[in-house]
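The next block holds one structure in the form of structure tokens; read it before the comments.
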Amino acid sequence: MSGRTATYFGGVSSAGQGVRLLTRFFGVSALAGALTAGLLIPIAGFAGFGTEQVADTLRSLPKPLNSGPADVRTRILAADGSLIANLYDENRAPVGIAHIAPVMQKAIISIEDSRFYQHGALDLQGTLRALIRNHAEGTEQGGSSITQQYVKLTLLENAKTPAEQRAATAPTYERKLIELRYAVAVEEQQSKDQILDGYLNLANFGDGTYGVQAAAQHYYGVSAAALTLPQAAMLAGIVKNPSGYDPVTHPEQAMQRRNTVIERMLQLGTISVAEANRAIRTPVIDPSRVHPILNGCANSPYPFYCEYIVSKLLDNPALGGTAQQRDHYLKTGGLTIRTSLDPRIQAAAQKSIDEHTKPTDNTVAAITIVEPGTGLVKAMVQSKPYGEGRDQTAYNYNVEKSYAGGYGGFQNGSTMKAFTIAAAIQQGIPIDYKINSPKQIDLSMVPYRTCDGWTRDQDYTPKNSTKSGDFTMVDAARYSVNTYFLQLSRKTGLCSIATIAAKLGMYNAQTLRPLDQVVSMTLGVGYVTPLMLSNAYATFADRGVYCAPLLVTSITDENGKSLATPGQACKQVLEPWVADGVNRVLSAVMQPGGTGGNLSFGSWDLAGKTGTINNNLAVWFSGYTPNLAAAAVVADGTPPYTNLMYGHKLNGEDIADPTGSGTAGPLWESAMRGALEGLPHDSFVAPPSRVLGSLSN
């Protein structure tokens, strides 16, 4: 009770009040007569308005109240139905009158318009009472009926420009006249229950809440149907002055107003003395239990994923003809947007980030996990938290530079070798194909075929960072032998590598153009993202079926009607036996001695590839099972970019092994280990003997 003395009721007599009111009535009988003579509306005697002028205004006004849909908050949900974010201009969640507690209906009627069900658009008695009190006490008291208030709220809700908003709230008698004319029409067109329902769903209930459902959830964590007497009385009291009676910022005033509502309900016989006394004893709110309905992606538990979702929605023409219209609809249309995010898998990826990085690191790390066969983006995490403060960022390191928050990727190093393997197998080169791969090779001015002709590098003498010798494709992948794959890519031609990469969704994440066909393409080219790379490798996992990344799985409007959104878009882009061959080669990477050998776990069929770019500016590990595919990157994310070995920290410690297996690999391994828990141990399909060559024996 905030230290205040409660008011208790043992019985109420209205005799004294009635005498005083009657006295005031006779004291202003002339005013009352003018009112009743003026078409029973409080305008005939207003300055500047003659009777004929009023009649002309009445006749010229349209009858129908063009009440468009009220602004309703949109919800973005994870795959399990849990909340990712609310988007709104006004925090509102409409409900039908059958879902609003009867005590709430009685409370609002008692304090705002006790004769609501007895009068028409105008409550003459209420208006007279207000005029009498205003005249006698020198105060201003409203006499508007609930229908008139509903009209005012509707006109204000429909006002889209500042001028329209000023007109809807202008303190003029002309506005009152317009509202009354609309109110008469509303009473003809709608039932009292419909009007009350509309009013309770439009009203401002303070602290950023609109409509009784949002208010009940916000202040008490319950639905409008479950409101109790003291809760309903508190809410009913707020609408007179939403800021002044806000119980969060003005609890004393809110309590006084609530008690006024309870007293009024008792006077009208709506509640008993015992009920009133119990309600008076109840604290107005418990501040610790107020449930703020947070707005926007910045308040989401998954802000980067949320912002990326919103960027995709703003490109969806089903939500409006322009980006501005789509943005407005997103915040006002009461949409329910279901997404692909799996909170369990997201938590596993986040746990890996938490275990292997710190926000204070001068490197960045990111992981995306995708489901093969569907394109569903199950998780998206990174080491820098969302924000504008120190050690925070607004960049999403997992996605392309197609919206304000997209970082635009990193060079991907030897993870590109997977596409060279696919090109070779597709051209009939078996995976036992041997090439003498020296420590260093001179490729200066050596021609490489492209889709448009030939390309050369004037001065190019690349080296191996691992082993050298006479290797098969399998062993060359196991040890990531650069000189092997540079020679293999010359044999296949760059066009076939680029074509396969493009079919698997690879492009330059900075320019959004195709990857460059250069001599060093197989060792990394352009800028790619964890989302892009994990989804491309998911194509190998699903035996050559590419699925476009899918984040928004459904959109329904306020009425449950489905809206168009791009669904699963999957197609066979590689022959299954080609993908099977790639899986066989990349499985060797995960075997003892391979660059990913230390990352293997359990009895899972695993395949993957390391990636380290020039000067160790970024390191990758991308790998998969038949169930899930993930890509992890650790990079210097701040210009001027420098070698990760020098002065860079990960998890608060100096990076000693800036390689795909030693730095990015552990993040991938722990994320996938957690993500795969509970999933079936599916196996890769063995490739045919013509792909295996001598390895089939």
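Listed values, structure above:
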| quantity | calculated |
| --- | --- |
| Contour excess over end-to-end distance, with Cα ends at A225 and R513 and 0.36 nm allotted per residue | 98.2 nm |
| Unpartnered cysteines - no second Cys beta carbon under 4.7 Å - across the chain | none |
| Cβ charges +1 (Lys, Arg) and -1 (Asp, Glu), total dipole of the stretch 588-697, debye | 280 |
| Two-site label geometry, D80 and N615: point separation in nm, points 7 Å out along Cα→Cβ | 4.4 |
| Counted charge near E263, where neighbours are those whose Cβ lies closer than 13 Å (Asp, Glu -1; Lys, Arg +1) | +2 |
| Cα gyration tensor, the stretch 491-553 - rounded (a/c under 1.5), prolate or oblate | oblate |
| Sites S683 and N598 - FRET efficiency at Förster radius 22 Å, r taken between beta-carbons, to 0.05 | 0.50 |
| Gap separating the Cα centres of the stretch 457-489 and the stretch 250-267, nearest whole Å | 81 |
| Angle between the chain longest axis and helix 576-589 axis [Cα atoms, degrees, rounded to 10] | 80 |
| Whole-angstrom gap from the stretch 501-534 to the stretch 555-605, using each part's C-alpha centre | 18 |
| Reachable lysines, given that their alpha-carbon falls under 19 Å from the alpha-carbon of K240 and they are not under 8 places away in the same chain | K106, K152, K176 |
| For peptides 518-525, 424-431, 582-589, sequence by mean Cβ density within 10 Å, most packed first | 582-589, 518-525, 424-431 |
| Candidate aspartates and glutamates for bridging to K331, where Cα separation is under 16 Å - those fewer than 8 sequence places away on the same chain excluded | D71, D89, E90, E157, E307, D315, D557, E558 |
| The stretch 151-237: trypsin sites (Lys or Arg not before Pro) in DSSP loop, at most 16 other beta carbons within 10 Å | K160 |
| Entry for P(r) over Cα pairs in 10 Å bins from 0, in percent (calculated from the structure that is shown) out of [x] 3, 14, 25, 28, 20, 8, 3, 0, 0; [y] 3, 13, 20, 24, 20, 11, 6, 2, 0, 0; [z] 3, 13, 19, 17, 12, 10, 9, 8, 5, 2, 1, 0 | [z] |
| Two-site label geometry, D354 and K571: point separation in nm, points 7 Å out along Cα→Cβ | 4.2 |
| Charge dipole (the stretch 277-385, unit charges on Cβ, about Cα centre) - positive-most of T357, T336, Y305 | T336 |
| Signed unit charges on C-beta, dipole axis of the chain, positive-most listed residue P385, V239, L533 | V239 |
| Global geometry of the stretch 299-412, whether rounded, prolate or oblate, following the gyration tensor of its Cα atoms and the 1.5 cut on a/c | prolate |
| Only Lys, Arg (+1) and Asp, Glu (-1) charged, at Cβ; the chain dipole about Cα centre in debye | 380 |
| Cα-based shape type of the stretch 544-684, given that a ≥ b ≥ c are square roots of the gyration tensor eigenvalues and the cut on a/c is 1.5 | oblate |
| Positive-end residue of Y397, T228, G428, charge dipole of the chain with Cβ unit charges | T228 |
| Distance between the stretch 385-436 and the stretch 169-246 - C-alpha centres, whole angstrom | 54 |
| Relative contact order [Cα under 8 Å, 6+ residues apart], the chain, whole percent | 13 |
| Relative contact order %, the stretch 532-598, counting alpha carbon pairs below 8 Å whose residues are six or more apart | 31 |
| Net charge contributed by nearby residues that have their C-beta within less than 13 Å of G296 (K/R +1, D/E -1) | 0 |
| Pairs beyond 25 Å (Cα-Cα), from K467/K491; K351/K571; K312/K378; K401/K561; K491/K609; K434/K467 | K351/K571; K401/K561 |
| Within the stretch 621-678, GluC sites (Glu not before Pro) in DSSP loop having at most 12 other beta-carbon neighbours inside 10 Å | E677 |
| Summed residue charge, Cβ within 15 Å of T529's Cβ, Lys/Arg positive, Asp/Glu negative | +1 |
| Between 0 and 90°, nearest 10: helix 303-313 axis offset from the chain longest Cα axis | 80 |
| Helix 192-202 vs. the chain, principal-axis angle (Cα, 0 to 90°, nearest 10) | 50 |
| Peptides ranked, highest mean first, by Cβ atoms within 10 Å: ranges 269-280, 407-418 | 407-418, 269-280 |
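Coordinate-derived values only; no laboratory data. Note that this is a predicted model, so its numbers are computed, not measured. Heads up, the Cβs are rebuilt from the backbone with ideal geometry, glycines too, and the neighbour counts pull from every protein chain shown.
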